[in-house]
Amino acid sequence: MANAFRVVIIGGGVAGMETAMTLGRGRHRTIQITLIDKGAVHYWKPMLHEFAAGTGEESRDCTTFAEASRRFGFRFIQSSLSKVDREKHEILLANDEVVPYDMLIVALGSRSNDFGIEGVAANCTFIDSLPDASLFHEKFRSAFRDAAAAGRKLDVGIVGGGATGTQLAAELCSAIDLAPGFGKEARKNILRLSLIETGKRILPAFPERVSSDARKQLEELGVNVLTDAMVSAVDSEGFHLKDGRIILAELRVWAAGVRANAATELFEGLEMARGGQIVVNHRMQSTRDTSIFALGDCAHISDAPLPATAQVARQQGIYLGRAIPVIAQGREPSTFVYQDRGAVVSLGDYNGWGMVGSSKSFGGGLLRGLAPRWVHDLIFRQHQIGVMGVARGTAAFLKAHLLPTRPRLD
Ligand SMILES: Cc1cc2nc3c(=O)[nH]c(=O)nc-3n(C[C@H](O)[C@H](O)[C@H](O)COP(=O)(O)OP(=O)(O)OC[C@H]3O[C@@H](n4cnc5c(N)ncnc54)[C@H](O)[C@@H]3O)c2cc1C
């Protein structure tokens, strides 16, 4: 495509994939789209706790970039970012390929923040990517099997009482309840799970009622929920708290804090926020380089920062996918306006809550969480149908609900 406007998207998660899909659907003849991701498979990051527990299925819930690239007409390169040459308008990849761009979209996402606490990096598993989640699942599976065979308890500790840690705690319980071959009492008899949160309550982004109901639900499941508990160090024994307590944990998960993907450090000279995110204006354009745009968890809108959520990433991806053809014609697109459609948290099949907009909450009680669970799932399935197409996406949705995964832990 001679003289095409070259759009390069680095990172094919929620934000990057939505950008590529929206742009690809327009079939713009003069725009050449290249998407680069370090993995071969596109996944919906809010499902990572399900892959970690074994209740999500990669073959059912994920799509290869190769398949998506055919559907949406973009070129896919599996590699990761090594260097950015802003003067030459090109990036260098780990596979030594040089990719020139007219417009570079940075959608590299985020990772957990260890806040420099001693021993976290060496002794904890992070659930920041699909390979991380799969690795944790293998560890969980073999540790659970060994504990069951030896008739002893398995101590698991999760740090971070936000949506990730709280949902992971419930999903691990759910995985054991659903796993064939261990009996109904396996969760109670084998798992000893602690959820450690430094703040006063878990799920701080939700109303207090949701936090206290979720805590009650987890405690009913046998989870030891600790709040006001600050971790000062981690070793192979477990978590050392500032007040001197030690929370024993054979398996240790760090699911606290959010900071931008380390690769954003390669963008020398751009304005960066404290969490390592690229500072952008309301058109998602970096404040110091008009050819570089950032969105999702690795972007920070200068005067109106938004939370690191899939909802924000998705809306920004759709916005940019529509704005790019306007920019390619040398015109200025309208600005991005975020619409807060609320938030949902789901504790496996046990319970769940949602918030409509930023105020009214629903779920728990009579609804016993099924409505929020469905809403949670529907948000993902809507994206999945977009990526996979209606037939495959609907089949995956039906399969997930009619034949829920019974993870093998033996
Ligand atoms: C367990 C968990 C549960 C969550 N639950 C919710 C929820 O219920 N609701 C909600 O709104 N949000 C939730 N979130 C947050 C949500 O997942 C993120 O806000 C969202 O995925 C951000 O999208 P993104 O496109 O910025 O990043 P991502 O979706 O993480 O995409 C980043 C992409 O970049 C690729 N990449 C990374 N490094 C490189 C590199 N060096 N080179 C090339 N490619 C690279 C990755 O492979 C990935 O595909 C959850 C997060 C986690 C971890």
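The values are calculated or read from the model by the stated rules, or taken from the named source; none is laboratory data. Everything quoted here is computed from the prediction, not taken from an experiment. So basically every Cβ, Gly included, is an ideal-geometry build from the backbone, and we count neighbours across all protein chains shown. Surface accessibility is based on the protein's heavy atoms, side chains included, excluding ligands, DNA and RNA. Shrake-Rupley method; radii C 1.70, N 1.55, O 1.52, S 1.80 Å.
Here are a few things to note about the model shown:
- All positions within the stretch 144-171 that are within 13 Å of the ligand (Cβ to nearest atom), open to solvent by 10 Å² or more (accessible area, probe 1.4 Å) and either in the same structural domain as Gly276 (by TED's automatic domain parsing) or not in a helix (DSSP H, G or I) (or both): Gly162
- Within the stretch 241-262, being assigned to a strand (DSSP E or B) and buried (at least 17 other Cβ atoms within 10 Å of the Cβ) holds for Leu241, Ile247, Leu251, Arg252, Val253, Trp254, Arg259, Ala260.
- Taking (1) within 11 Å of the ligand (Cβ to nearest atom); (2) part of a helix (DSSP H, G or I); (3) of a type outside the set (Ser, Thr, Tyr) in turn, Arg141 satisfies each apart from (1).
- Of the residues making up the stretch 108-127, just one is within 11 Å of the chain's Cα centre (by Cα) and open to solvent by 30 Å² or more (accessible area, probe 1.4 Å), namely Arg111.
- Scanning the stretch 176-186 for residues that are over 17 Å from Glu220 (Cβ atoms) and either open to solvent by less than 30 Å² (accessible area, probe 1.4 Å) or assigned to a helix (DSSP H, G or I) (or both) gives Leu178, Ala179.
- Qualifying residues in the stretch 290-342 (those that are touching a Leu at 6+ places or on another chain (Cβ under 7 Å) and surrounded by fewer than 18 Cβ atoms within 10 Å (Cβ to Cβ)) - the one farthest from Pro46 (Cα to Cα): Ser291
Let's see how each residue does on (1) within 8 Å of the ligand (Cβ to nearest atom); (2) assigned to a loop (DSSP other than H, G, I, E, B):
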| site | (1), (2) |
| --- | --- |
| Val8 | no, no |
| Met17 | yes, no |
| Ala20 | no, no |
| Gly24 | no, no |
| Arg27 | no, yes |
| Ala52 | yes, no |
| Phe76 | no, no |
| Val84 | no, no |
| Ile91 | no, no |
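- Only one entry in Leu104, Leu48, Leu35 is near the ligand (Cβ under 8 Å from one of its atoms), closer than 24 Å to His300 by Cβ and not assigned by TED's automatic domain parsing to the domain that holds Gln384, namely Leu48.
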